[in-house]
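The values are calculated or read from the model by the stated rules, or taken from the named source; none is laboratory data. Note that the structure is predicted; figures quoted are calculated from it, not measured. Neighbour counts run over all protein chains shown; Cβ positions are idealised from the backbone, glycine included. What goes into the accessible areas is simple: the full protein's heavy atoms, side chains included, and nothing from ligands, DNA or RNA. Shrake-Rupley method; radii C 1.70, N 1.55, O 1.52, S 1.80 Å.
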Amino acid sequence: MIRKLLVLLFLCAGTIAAQTTAIRAGNLIDPATGAVAKNQIILVKDGKIAEVGASVKIPAGAQVVDLSNAWVMPGLMDAHTHMTLGSPGELSLEGEYLKASSALRALNGLRNAQDVLMAGFTALKDIGNDANYTAIDIRRAIERGWFAGPTMLTTGKIIAPFGGQSHGVPPEMGPFWRFEYQDADTPEEVRKAVRQNIYYGANAIKLVADNSPFFYSEEEIRAAVSEAHRAGITVGVHVMGGQAARNVILGGADSVEHGFDLSDELLQLMKEKGTVLVGTDFPYEHLKAMGTAGGILPPAEVVSKGIIDRLRRAHKIGVKMAFGTDVVMDPAGKTRADMMLDYLAVWTEAGVPPAEILKCMTTNVAELFGWKGKRGAIAAGEAADIIATSTNPLENIQALRKVQFVMKDGRVVEK
Ligand SMILES: [Zn+2]
């Protein structure tokens, strides 16, 4: 009985203390400006940042986190992930449907979501290929507090012209790609597909525009965008370049996903229209391991060169960019977060400075997600998604590979 009482007292004390946390931040980075403020106090109450400043008073009884020797910043974000895809070798989308159940893929997705949170990614977009809407259930489980995990946007089934992202399936096999895709081939069908996804719980929309010689018209893109925007959610479109990309940009999509073949002229058009580039700038080693991804990609050598060149041009032109990785493999010995952080080297190789990379991993993703003022900055009123590194990421972005502290919605994440 006494023991039970002690446990209860301990739990109560823990709850009261957890209501206010004070973080001593030796170096507080604002990714939006690249500025560093020294010796700041961040006060966290009820999952949100209450106050930030050098002269903020720490209330009696507050739990104090000492990060006075660390570099503190908002949690990282990834605008293009597939938590439930986890091929151990060369990727084949169809192989995933045939060889892994939705339950197994949901569990793998949850494992990946927890893993990336521990590494410092406090928010992400799961952009489809999610085994018949399982990523939406992962999101729900995290939102209900059953598991610690990042804040998630989930797109549900990918909307595409007939055939999803499958190539050369014989007619007698039937349209089995509909396990992860919705065929939509007129503006009306696109509208219906958007509504269907929202009905099943999607809080973002993903289209694949140009998987075949036929591709979405500006009118079809516009139909998806107007339907999604009316429901208060955004549209990201997989497109590589050329006329298909022009249709996506002019159709008003919020982001272009991949865009490996974008010309300077199209990048300029994106800048004018405010279209965000989520470049999924794959490292060469990943491309090599993925192979052609079932006919979706050209050889690794070709894609890799093109990606670095496109990233360099996009940065020079000044297109707004958001960090997005597109990792679809779980190779032995590497975590999902390890794989995502491998992309940092590609950004550096393309000449993007560390401060800009960090901005693309925080501020810019939060804006693309429609979270300005809510998440993605360390300021009063924002969600308390806070991370820290022991070395300065503004000097060497590789510092992000070793995040020593993670707070999600005001709770310290146990490593
Ligand atoms: Zn993808």
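Using alpha carbon centroids, what distance separates the range 366-415 and the range 233-302, in Å?
Here the answer is 27 Å between Cα centres.
Highest first, please rank the peptides 227-234, 260-267, 214-221, 248-255 by the mean number of other Cβ atoms sitting within 10 Å of their residues.
In decreasing order of mean packing, 227-234, 260-267, 214-221, 248-255 become 248-255, 214-221, 260-267, 227-234.
For the range 292-341, which trypsin sites (Lys or Arg not before Pro) are both in a DSSP coil and crowded by at most 14 other Cβ atoms within 10 Å?
Those that pass, being in a loop and sparsely packed, are LYS334.
Which far-off residues, 5 or more places away or on another chain, put their amide H under 5 Å from the one on VAL406, with H placed in the peptide plane?
VAL413
In units of 2.2 N^0.38 Å, what is the alpha-carbon radius of gyration of the range 230-338?
Normalised Cα radius of gyration, the range 230-338: 1.11.
Considering only protein heavy atoms and a 1.4 Å probe, what is the carbon-and-sulfur percentage of the accessible area of the chain?
56
Place the peptides 394-403, 200-209 in order of packing, highest mean first, counting for every residue the other Cβ atoms within 10 Å and averaging per peptide.
Top to bottom by mean Cβ count within 10 Å: 200-209, 394-403.
Using the eigenvalues of the Cα gyration tensor, what equivalent ellipsoid semi-axes result for the range 297-368 when each is taken as the square root of five times the eigenvalue, whole Å, largest first?
Semi-axes (√(5λ), whole Å): 21, 17, 11.
Projecting each Cα onto the charge dipole of the chain (Lys/Arg +1, Asp/Glu -1 at the beta carbon, about the Cα centre), which of SER390, ASN129, TYR199 comes out farthest on the positive side?
Sorting the options by dipole projection puts first SER390.
Only helical DSSP H runs with n ≥ 4 go in: add -39500 (n - 2.57) per run for the chain, normalise by residue count and round the 222 nm mean residue ellipticity to 500 deg cm²/dmol.
That calculation yields -10500 deg cm²/dmol at 222 nm.
Which of the three applies to the range 76-341, rounded, prolate or oblate, going by the alpha-carbon gyration tensor with a ≥ b ≥ c and a/c under 1.5 meaning rounded?
rounded
For the range 157-242, what mean projected area does the convex hull of the alpha carbons give, in nm²?
Dividing the Cα hull surface by four gives the mean projection, 5.5 nm².
Taking N as the number of residues in the range 131-198, what value does Rg over Cα atoms divided by 2.2 N^0.38 Å take?
Against the empirical 2.2 N^0.38 Å value, I get 1.35 for the range 131-198.
Whole number please: convex hull volume per residue, Cα atoms of the range 282-326, in Å³.
74
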